[in-house]
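**Q** Structure incoming, see below.
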Amino acid sequence: MKIHSFRTLRAAVSIAMAGIFLLQVTAISTGAYALGSAVGDMRQTTSRSGGTSCPQFTRFDVSTPGTINRQWSTSLGTNPVTILTVNQTAAGRLIEVENVIQQSLGAWTGVPGSSLKPATLGTLQRTSSPTACTSSDGLNSICLNQNDTAFAIGVLAFTRVVSADTAGEQLSASTLPSTFVGQILDADVLLRPSDAVTKFATPAALATNPNAYDLESILTHELGHSFGFSHSAVWRAMMFPFAPPPGQFTGTRPGSQSPDAALSDDDRTGLRVLYPDPNDTTHVGNIQGHILPASPLALPSSPPGVTGIFPAQVVAVDNATGAVAAATMGGWSCSNPGPAQFDGSYTFERLPVGASQSYQVYAEPLDGPVTPGDVIYNPTGLCRNSATDPGWPTQFACTLPPFATPFSARVRPGS
Ligand SMILES: [Zn+2]
């Protein structure tokens, strides 16, 4: 079982001085959705490890409708108020907050071409427990007023994800065993309890509370983590690691006709890769390639076997619209039984295809504002070895190379 590193959403205050710079850079700069991954425990039997040391996406089992449970803690701070709402009554406040949670969930379950549907989730329950996000109990909880040592300065929210690294793993006797490596068993979302400088507001209350962070943007971002996402370096992506400034929100507001409106195409593509809809005939395009150094001398000498750039942000731009269709973190590949090879490979999956659909592909380093550490904060999700896991079989061992930043890229004609 693996408890992922905390996935944090940071306040814009830490980058406020670079705000304009960010806008200028990201007009031409792009990044990538990144998905969490886990390597099966190759010290176990094949039936438990899956028989491969290739990284597996961390994701929920969506094969049975209604099995992803959700609950939120109605414990809200009163002094200061944790969540600013228009409705000031106790009951009305809960309804207003609950609607925001539903909207945030709806953004992720409203993406065409994904098997994550509203019916995939169980009914959103309430709990009065003020510490619902303490234990790995198999209850996917949202806590809006529970403190935690992970709330360092600038951390607005984080999600703690527990995933299985073997099939048949159980959190407790009362929870179902995992059916595959990478299966998310527990995902708790915690928002920073309000203090003198941090407060959150529902969309309805945001305009009159411009110093508050948008609850819906923060929740939607964290729920992306809970469904298996890492961070994206795409400026307008929901999974960008920095929160919108107080008074602002990410994307556009969802509506009943377009519940996924808040997401970017990068987020949507990532979701389709994580939870593909087998009946989707539109998003079936793949693009593959390699990012290689002009000189092999540019590659790290240790660990051995590194033949390409790692990591690299690779982005596919729709030629017709100029919009980012998707971006991915490239630099490695894996074929069963693994381990991962650092050969500079990248793969786009689930791109929309059509008669006149074409893409341009760019590569760039993660040299800020999003850095490799924002995306690869769980190194054992790609490589495990005897240093990370005593007794790890040598033939399935690999070691992450040092991060390649910065580098410049150009396209080799015909490649
Ligand atoms: Zn995050």
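Read the figures in this text as sums done on the coordinates, not as results from a lab. Computed from a prediction, not measured in an experiment: that's the story for all the values here. Please note: Cβ atoms are built from the backbone with ideal geometry, for glycine as well, and neighbour counts cover all protein chains shown.
**Q** Expected output is a single nm value to one decimal: the length gained when fully extending between Ser356 and Ser301, i.e. 0.36 nm times separation in residues minus the C-alpha distance. What is it?
**A** The Ser356-Ser301 span can extend by a further 15.4 nm.
**Q** Could you work out how far apart the two model spin labels at Arg126 and Ala409 are, taking each label as a point 7 Å from the Cα in the direction of the beta carbon, and quote it in nm?
**A** For Arg126 paired with Ala409, the spin-label model returns 4.8 nm.
**Q** Taking H as built 1.01 Å from N, whose amide H comes closer than 5 Å to the amide H of Asp61, not counting residues under 5 places away?
**A** For Asp61, the qualifying residues are Ile184.
**Q** Summing +1 for each Lys or Arg and -1 for each Asp or Glu, what net charge is found among the other residues whose Cβ lies under 9 Å from the Cβ of Leu171?
**A** For residues surrounding Leu171, the net value is -3.
**Q** Please order His225, His290, His283 by the number of other Cβ within 10 Å, starting at the fewest. Spell out each step's value before the answer.
**A** On the way: His225 25, His290 18, His283 22.
Neighbour counts put them in this order, fewest first: His290, His283, His225.
**Q** I need Ile309, Ile287 ordered by Cβ neighbour count within 10 Å, fewest first.
**A** Values: Ile309 27, Ile287 16.
With the fewest neighbours first, Ile309, Ile287 line up as Ile287, Ile309.
**Q** Something else about it: Take every DSSP beta bridge whose two residues both sit in the chain, then give the antiparallel share in percent to the nearest 5.
**A** Antiparallel bridges: around 70 percent, rounded to the nearest 5.
**Q** Place a point 7 Å from Cα of Ser174 in the direction of its Cβ. Which residues in the range 96-140 have their backbone N less than 19 Å from it?
**A** Inside the label zone: 122-140.
**Q** In debye, nearest 20, what is the charge dipole magnitude of the chain about its Cα centre with +1 on Lys and Arg Cβ and -1 on Asp and Glu Cβ, if you could check?
**A** 100
**Q** So, one more: What does the charge count around Thr405 come to, taking other residues whose C-beta lies under 15 Å from its C-beta (Lys +1, Arg +1, Asp -1, Glu -1)?
**A** -3
**Q** Starting from the Cα of Arg253, step 7 Å along the direction of its Cβ; do the same at Ile153; then give the gap between the two resulting points in nm.
**A** Reported label-point gap for Arg253 and Ile153 is 3.5 nm.
**Q** In debye to the nearest 20, how big a dipole does the range 290-397 give about its Cα centre with +1 on each Lys and Arg Cβ and -1 on each Asp and Glu Cβ?
**A** Here the size comes out at about 180 debye.
**Q** For the chain, list the DSSP H helices whose alpha carbon atoms reach 27 Å or more along the long axis and whose average Kyte-Doolittle value is -0.5 or above? Walk me through the numbers on the way to the answer.
**A** On the way: long enough: 90-109 (28 Å, 0.26).
Sorted by number, the helices that extend far enough and score high enough are 90-109.
**Q** Determine, for Val361, Val234, the number of other Cβ atoms within 10 Å of each Cβ, and report the residues in order from fewest to most.
**A** Arranged by neighbour count, lowest to highest, Val361, Val234 become Val361, Val234.
**Q** Can you run phi through the Karplus equation (6.51, -1.76, 1.60; θ = phi - 60°) for the range 161-166 and list ³J(HN,Hα) in whole Hz, with x for Gly and Pro?
**A** Along the range 161-166, the couplings run 10, 10, 10, 8, 10, 9 Hz.
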